[in-house]
1. Looking at region B:49-60 only, could you name the residues that are closer than 17 Å to residue B:71 by Cβ and over 11 Å from the mean Cα position of the chain (by Cα)?
2. Among the numbered criteria (1) assigned to a loop (DSSP other than H, G, I, E, B); (2) surrounded by 13 or more Cβ atoms within 10 Å (Cβ to Cβ), which single criterion is violated by residue A:67?
3. Which of the residues spanning region A:303-345 are basic (Lys, Arg) and under 18 Å from residue A:359 (Cα atoms)?
4. Does at least one position in region A:200-214 carry a residue that is of a type in the set (A, V, I, L, M), under 29 Å from residue A:24 (Cβ atoms) and surrounded by 15 or more Cβ atoms within 10 Å (Cβ to Cβ)?
5. Among the numbered criteria (1) in contact with a helix residue (DSSP H, G or I) (Cβ under 8 Å, 6 or more places away or on another chain); (2) in a strand (DSSP E or B), which single criterion is violated by residue A:357?
6. When residues of region A:237-254 are filtered for being of a type in the set (A, V, I, L, M) and not in a helix (DSSP H, G or I), how many remain?
7. Output the number of residues of region B:3-28 satisfying the condition of being surrounded by fewer than 16 Cβ atoms within 10 Å (Cβ to Cβ) and more than 9 Å from every other protein chain (Cβ to nearest Cβ).
8. Would you be able to tell me the number of residues in region A:142-161 that are of a type outside the set (Val, Ile, Thr), without any contact (Cβ under 8 Å) to a residue 60 or more places away in the chain and in a loop (DSSP other than H, G, I, E, B)?
Amino acid sequence: MPDRLPTIAPVTSAVVLDHPGLLPGALDPGAGRRSRRTPRDWLVDSLAFLVSLAWVVLATFDAASPNPTFADRLPYDWMIAADALFGQLCTAALWLRRRWPVGVALATLPLAMFSVASSIALLIIYFTVVVHRRTAVALAVTGAGLVTSFFFALLRPDPVSGYWISTLWGVVITLLVLAWGMFVRARRQLVLSLRERAERAEAEQQLRVTQARQLERTRIAREMHDVLAHRISLLSLHAGALEFRPDAPAPEVARAAGVIRDSAHAALQDLREVIGVLRAETSLPDDPERPQPTLDDLPALIAESRAAGTRVDLREQVSAPDRLPVAVGRSVYRIVQEGLTNARKHAHGAAVTVGLDGGPGDGLRVEIRNRRPVGELPGTAIPGTGTGLVGIAERVSLAGGRMEHGCDERGDFRLAAWLPWPAT
Amino acid sequence: MRVLIVDDDALVRAGLSMILGGTPDLKVVGEAADGSEVVQAAAACRPDVVLMDIRMPRLDGLAATEALRGLPRPPEVLVLTTFDADEHVLRALAPGPAASC
């Protein structure tokens, strides 16, 4: 029967990258919020550093020459040395610009008023702000940068062109970098939004597949139920015929008995298939040959848990446990199993207390309590709990019982359930 | 009392015949394997009561019951079903069979 179930191909991620190292860190799908440099980032940063350093050397030699080309000769030699130092500092700051784009930009902004040697580094830092920060922030920094252009042309006059031409050049270069940076930013955002859309589509598809499987299973189970119901009604009908007609001719009696036997046989076959479908639903690696557990299997379960390293204390005060309905015993087993699994998963090493009490007419109470492991703050949510507990809650409510779980005032995690146990 | 048994499963018809056969004042006068055969069979053997299955391949028991109601002297209809789905029973009662069990 399971071969009738729809099979799904293993779902691959929508984002398959041949060379993730070629992406900027901002686009690296594997990176967290504080992303590390990708190989491509290292390459870009090293190039930026080298280019900026080369410019510092070039600008310093030029400034020290008798007739500088970039700006008029400075009045004092220490000013040339200072400019070279500023240039080197800004070049070094390039390594920090990805982490604190705005901070580095604001700290170095005053240099834009007079430093020739820093100019390439400053443009790179400014470019980083435009690419990595909101447009409002980028425009604010741009405004401040434009203001410095007016001072720069005044403090470091160009040997050839006049004040306004020099200022205009500063403005044009700033705006060009702005346009380039915004283009890069827009492109990256587009890539991110497309990727997000692809991932969402993939998630939705997976959900649809799951729902389809679920629907199919439900449909198969319903079909089986119908078939089974028909067989059992046939069985009942012919048994009734035998009961009402003890005088029937021998061939008719034999035929009715034959129908009963065949129906019972086929019904058993159907039941086996129903179980197959239901079992395929859960991903538990349950041994299909293993009989359903009862209350008597509880000590074995606890021994298993102890063998796995959990300290378990069982306090059992059940009167007439041999009169416990099998279904209730099974539910108790499953509840304890879930409680121990949770304790092992989320409070490894903590001692677990399993309490069982009750009797016929009184109902059966089961409680699993575990101390929060040392070092964990009380009140923090336990991650990952829920799915197993949902199943247990469903089971308990189907049995007509109650269940609660959560942390008590001492911070212990507690899973408690009450199951009805009729007196008769 | 003359009885017509309508069910697509021959085993069900046989079982019902066997049960009814033991009752002196009941006589199974005919069988039909589908709703589409009911009107013809009813006209041929003029039953007092029709035992009608709901689920049948071509014409279901409910439609067949409605068809029977259109006859000049319609027989009483007993609807048989293993499915206790309410909407089936309610729909079965709407065209007016005598009982549903």
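The values are calculated or read from the model by the stated rules, or taken from the named source; none is laboratory data. Treat the numbers as computed from the prediction; the structure is a model and nothing was measured. Using ideal geometry, Cβ is built from the backbone for each residue, glycine included, and neighbour counts are taken over all protein chains shown.
1. So in region B:49-60, the residues closer than 17 Å to residue B:71 by Cβ come out as B:49-52, B:59.
If the condition is that a residue be closer than 17 Å to residue B:71 by Cβ and over 11 Å from the mean Cα position of the chain (by Cα), then B:59 is the only one that fits.
2. All conditions are met except number (2).
3. We begin by selecting, within region A:303-345, every residue basic (Lys, Arg); these are A:306, A:311, A:315, A:323, A:330, A:334, A:344-345.
Result: A:315, A:323, A:330.
4. No, region A:200-214 contains no residue that is of a type in the set (A, V, I, L, M), under 29 Å from residue A:24 (Cβ atoms) and surrounded by 15 or more Cβ atoms within 10 Å (Cβ to Cβ).
5. All conditions are met except number (1).
6. Step one: list which residues in region A:237-254 are of a type in the set (A, V, I, L, M), which gives A:237, A:239, A:241-242, A:248, A:250, A:253-254.
Now drop any that are not not in a helix (DSSP H, G or I), which leaves A:248.
Qualifying residue count for the region: 1.
7. Qualifying residue count, region B:3-28: 5.
8. Of region A:142-161, the ones of a type outside the set (Val, Ile, Thr) are A:143-146, A:149-159, A:161.
Those still in the list that are without any contact (Cβ under 8 Å) to a residue 60 or more places away in the chain too: A:143-146, A:149-155, A:161.
In the following step, the residues that additionally are in a loop (DSSP other than H, G, I, E, B) were identified as A:161.
Qualifying residue count, region A:142-161: 1.
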